[in-house]
1. Would you work out which of Asn29, Thr10, Val56 lies farthest towards the positive end of the dipole of the stretch 2-59, given +1 charges on the beta-carbon of Lys and Arg and -1 on that of Asp and Glu, about the Cα centre?
2. Only four residue types carry charge here, +1 at the Cβ of Lys and Arg and -1 at the Cβ of Asp and Glu. Report the dipole size of the stretch 305-367 about the Cα centre in Debye, rounded to the nearest 20.
3. For every other residue with a beta carbon closer than 10 angstrom to the beta carbon of Leu167, add +1 if it is Lys or Arg and -1 if Asp or Glu, then tell me the sum.
4. Counting other Cβ atoms within 10 Å of each Cβ, which chymotrypsin sites (Phe, Trp or Tyr not before Pro) in the stretch 284-359 have at most 10 and sit in a DSSP loop?
5. By a straight-distance test (C-alpha under 29 Å), which lysines pair with Lys121 as possible cross-link partners, with residues fewer than eight away in the same chain excluded?
6. Going down the table (Lys177/Lys290; Lys12/Lys53; Lys21/Lys323; Lys48/Lys198; Lys208/Lys270), which pairs top 24 Å between alpha carbons?
7. Roughly speaking, what is the centre-to-centre gap between the stretch 187-217 and the stretch 263-300 when only Cα atoms are used, to the nearest Å?
8. Work out Dmax and Rg for the stretch 75-119 from the C-alpha atoms and quote the Rg first, both in angstrom.
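What follows draws every value from the coordinates through simple rules; no lab data is involved. Values in this document were obtained by computation on a predicted structure and should not be read as measured data. All Cβ positions, glycine included, derive from the backbone under ideal geometry; neighbour counts span all protein chains shown.
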Amino acid sequence: MAQEILLTMTQKELIRYEIIKRLIGKEINGTEASRQLDLSVRQAKRIKARVIKEGVKGIIHKNRGKQGNRGLPEERIKRMEKIVKEKYADFGPTFASEKLADNHQIKISREKLRQLMTGWKLWKPKPRKKNNEYRSWRPRKEYYGEMEQFDGSYHDWFEGRVSECCLLASIDDASGKITKLMFVDWEGVKPAYIFWRKYIENHGKPLKIYLDRHSTYKINAKSLFDDPEVLTQFERAMRDLDIEVIHAHSPQAKGRAERLFGTLQDRLVKELRLEEISTIEQANKFIEKKFIPKYNQKFAVLPQKKGNLHKPLNRFEKDNLDKIFSIQDARTINNDFTIRFKGKWFQLLETQPTLVLRKDKVLIEERVDDSIFISLRNKYLNYIVLPQRPEKVEIKVIALAKIKSSWKPPANHPWRKPLILNPEKMYQTSSSMEKIS
């Protein structure tokens, strides 16, 4: 019974269940659990009590499947849309909400109407003024692991001994500790995946990652800039791990990471020179074993509150780390059961772990080691890589399955009979042939 309930739970509920189990087992206290759950201490205690009483059922929200108390009916939204477009199309949200209440007895907050009018293309949010901006000093987070500032810096780190490369760095916001450094050739998706996989395996999952708007981490196209459904590969991986990604609007916003690189470009460069390190592999070992502990001992501070908010990986995440940290893309199966991806052709084999039909949508995973996996309905398909584009041939197979079909139609089966579209014309043709003979 417990297994059936788990199958209906969302990934977020599974993560909550793991945190509550740690709370029940007294591995963490109520304050730390509430931070990890992003809930109040009182709500965390309520969930704990429900889990103790009902088991895993206590995690599932009681209002699942029900309409929210404040949700607007679809008919009412359509009615407002019609009225606003006909009479108040050039009104601002505040003025339009007043007119809806006065003239049509429809009460709606100006902020909700602002959201609706933006969706109806009747209102364009005004950008914030960039002149005379005032930035105040943001206080540190209270707990270790609550937020990590992350960035990459291109610099002549080896003073010409190695071509210019990038240093990826994460620093804990609460303590100022360097949690990880890694030299990479470039600040791309795969290097970022390798960095954060090693980080999570060593420290656990931080609650938040604060980074810039580099194209690896944020889609910057104007048409997709604020679309919450469009994610980069990095954002998708962090979403799967339940790690919140926050994008800074300016370098000053993530000032601790920026100041860290200012220090590293002075201190680390000299340390690498003194150690006579001239390869990226040697440098990564040096910073892991010697430089980071020495730096943290000198510059790190104590967090405001004791505790570690890093969350451990659950069993599902551990089993799917290779999939999570992969570049994923969707493709359609061609009529000859081939798939094209990045200029290569992949031929699906006749025997597959699940039923495969033409035009099925498959998920292609490009792992950090450049291996390719093709999945359909959470089953990995068998394939071979073709040396060149396949020639067009007549395919008799209509589907791929676990067992190759051995059935053959009998001699009198309609499939074996010739296709006659016009029987009368066929009869006339045969009669004329008899006369000629």
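1. Farthest towards the positive end: Asn29.
2. Details: 14 positive and 9 negative charges, 93 e Å.
In total the dipole reaches around 440 debye.
3. -2
4. none
5. Lys78, Lys82, Lys85, Lys87, Lys99, Lys107, Lys112, Lys129, Lys130, Lys218, Lys222
6. The pairs that break the limit, which is 24 Å between Cα atoms, are Lys21/Lys323; Lys48/Lys198; Lys208/Lys270.
7. First find each Cα centre; the distance between them is then 20 Å.
8. Radius of gyration, then largest Cα-Cα span, for the stretch 75-119: 9.0, 23 Å.
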